[in-house]
Structure formats: C-alpha cells, structure tokens
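The values are calculated or read from the model by the stated rules, or taken from the named source; none is laboratory data. Please read all numbers here as calculations on a predicted model, not as lab measurements. All Cβ positions, even for glycine, are placed from backbone atoms using ideal geometry, and neighbour counts span all protein chains on display.
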Amino acid sequence: MDNKLSELSKPVAWTSARSLDVRRKVTAFTDVESAAEYASANCWEKIAPLYSQEYVSALIQRAERLDSMLTESVQALKAAEQRIAELSRLLSHNIERAEEAEKRLATPVRLPTQENYDDPLSAHLAINDSAEAIRTAGFKVEGDEQDG
C-alpha cells in the first residue's frame, strides 16, 4: 500500500497558488516547469501541485485507518488503566491480609496444660503432638524461644 501511495503522491498537474482561490479559474499545467513559467510571467511567486482523486481517497482511507487504530489504542489504554486500578486495590487488600497473617504468626499459640487432662501421659503426648503440628504449620507455640 505504501508503494502505491508513494506512486500516487506525484502531482498530476501544477497551478499557480492564486488560481486555487475559488473566485478564480484554475489553470492547470501538466508539468512544474510550465506552471513556474506561467506563475513567473504573472508575478505569482508560488505554484501549487494538484493531486489525483485516487491519491486523495487513499490518504483519506489511511487517515481513517489511523483514526480507528488510535481509537482502539485509547480504549485499550483506558481498559488497562481500569485493570491497573483494580489490581492496585487487590494488592492493597492482600497487603492488609498479609500484615494480619504476620501478626497472627508472631503471636504464639497457647496449648492446653496437663491439668485439662485426666491422664498425665496422654496429656503430655497430645500437647507435644499438637505443638509439633503447629510448628510445622509455621506458627510459634508459647514457650518457644523468641527470634530476635
């Protein structure tokens, strides 16, 4: 498409810039030299290119495609901004939950004492098994050494 557009971008004719005024008749020339000669003879300093309708239509189509792409990009950006805001809220919530969990992990678990059991040996075994399971889960048990 760009190669075709490049070919179409060559002017099909030339005219004086003043001739482009809608009140005047446009005098078109097929080459830039003739237009320059005419403009010079009439004391007009500038000449203007004239382009084919096909070229103008191609430019309009390209502009519409670019506009569409820009619109899609803006929509994608807005969606991304909304997702970022949502993830930011989730992160804040998860940070709060993590802080709560850290506080819970820092608080040792208090186990029942042997007085709560009828049989001292069963009490000792139950308490030791419970303490080990709690430590394995990552919690501290009351009486464990505190980490500095």
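For (1) of a type in the set (A, V, I, L, M); (2) part of a helix (DSSP H, G or I); (3) at positive phi; (4) over 26 Å from the mean Cα position of the chain (by Cα), each residue gets a yes or a no:
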site: 67; (1), (2), (3), (4): no, yes, no, no
site: 90; (1), (2), (3), (4): yes, yes, no, no
site: 102; (1), (2), (3), (4): no, yes, no, yes
site: 122; (1), (2), (3), (4): no, yes, no, yes
site: 144; (1), (2), (3), (4): no, no, no, yes
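This table checks each residue for (1) touching a residue at least 40 places away in the same chain (Cβ under 8 Å); (2) of a type in the set (Ser, Thr, Tyr); (3) surrounded by fewer than 12 Cβ atoms within 10 Å (Cβ to Cβ); (4) out of contact with any helix residue (DSSP H, G or I) (no Cβ under 9 Å at 6 or more places or on another chain).
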{"site": "49", "(1), (2), (3), (4)": "no, no, no, no"}
{"site": "60", "(1), (2), (3), (4)": "no, no, yes, yes"}
{"site": "69", "(1), (2), (3), (4)": "no, no, yes, yes"}
{"site": "76", "(1), (2), (3), (4)": "no, no, yes, yes"}
{"site": "83", "(1), (2), (3), (4)": "no, no, yes, yes"}
{"site": "113", "(1), (2), (3), (4)": "no, yes, yes, no"}
{"site": "118", "(1), (2), (3), (4)": "no, no, yes, yes"}
{"site": "127", "(1), (2), (3), (4)": "no, no, no, no"}
{"site": "135", "(1), (2), (3), (4)": "no, no, no, yes"}
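Taking the numbered list (1) modelled with pLDDT of 95 or more; (2) of a type in the set (Ser, Thr, Tyr); (3) under 30 Å from residue 5 (Cβ atoms) in turn, residue 88 passes all entries but (3).
For (1) within 47 Å of the chain's Cα centre (by Cα); (2) at pLDDT below 90; (3) assigned to a helix (DSSP H, G or I), each residue gets a yes or a no:
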| site | (1), (2), (3) |
| --- | --- |
| 3 | yes, yes, yes |
| 34 | no, yes, yes |
| 49 | yes, yes, no |
| 70 | yes, no, yes |
| 94 | yes, no, yes |
